[in-house]
Amino acid sequence: MQITNAFTLNPKYTLRFVSGLPQNTDSVKVHCQSKDDDLGDRILEQGDKFEFSFHMNFFGTTLYHCSFLWGLKHQNFDVFRPNNSFCGSEKLFQNGYCIWLMADSGIYLALGSNPSPGDFKLLYPWL
C-alpha cells in the first residue's frame, strides 16, 4: 500500500521545468541557483524538461531563483521561496512538487506531481 501526502520532518521539494514553447522556435535557456548551489544553464527545446530536488535547509530559508531567456523575451523570479511565493507555500511537513511550464504567452505554474493541463496558471508573462 502506498501512502500519499505522508508526514515527514524533512520534506523533499521537486521543481520541474517543461518547455511547452511552439515548435520551430528558439530554445529556452533556464538558469537556476540558490545561495549555495548554481545549477548552471539548461537549454530546453520544445517538449524538453529538467528537474531538481532538494530539502529545506535547517533554518527553513532555502531560496531558488531562476532566469529564463527565449529569443528576445526574458523573465526572472524566485521559483521557490518558503511561505512567500506560489511554489513553497504547500502544506508543512509534506513533500512538494512545483511544475513550471514555459509557453508562448509566459511561464505557468502547477502544483503536484502529475497536474492536468487545466491546473497550470499563468504567473509571469514574458518581458
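The values are calculated or read from the model by the stated rules, or taken from the named source; none is laboratory data. Fair warning: this is a prediction, and the values are worked out from it, not measured in the lab. Neighbour counts run over all protein chains shown; Cβ positions are idealised from the backbone, glycine included. Accessible surface areas use protein heavy atoms only, side chains included; no ligands, DNA or RNA. Shrake-Rupley method; radii C 1.70, N 1.55, O 1.52, S 1.80 Å.
Accessible area per residue for the chain is 62 Å², calculated with a 1.4 Å probe on protein heavy atoms, without ligands, DNA or RNA.
Protein heavy-atom surface of the chain, 1.4 angstrom probe: 51% of the accessible area is carbon and sulfur, with nucleic acids and ligands not counted. Sorting 31-37, 103-109 by average packing, meaning the other beta carbons within 10 Å per residue, from highest down gives 103-109, 31-37. Once the Cβ-Cβ distance between residue 49 and residue 83 is put in as r, and R0 is 35 Å, what FRET efficiency do you end up with, to the nearest 0.05? Computed FRET efficiency for residue 49 and residue 83: 0.85. Relative contact order for the chain: 27 percent, from Cα pairs under 8 Å spaced at least 6 residues apart, divided by residue count.
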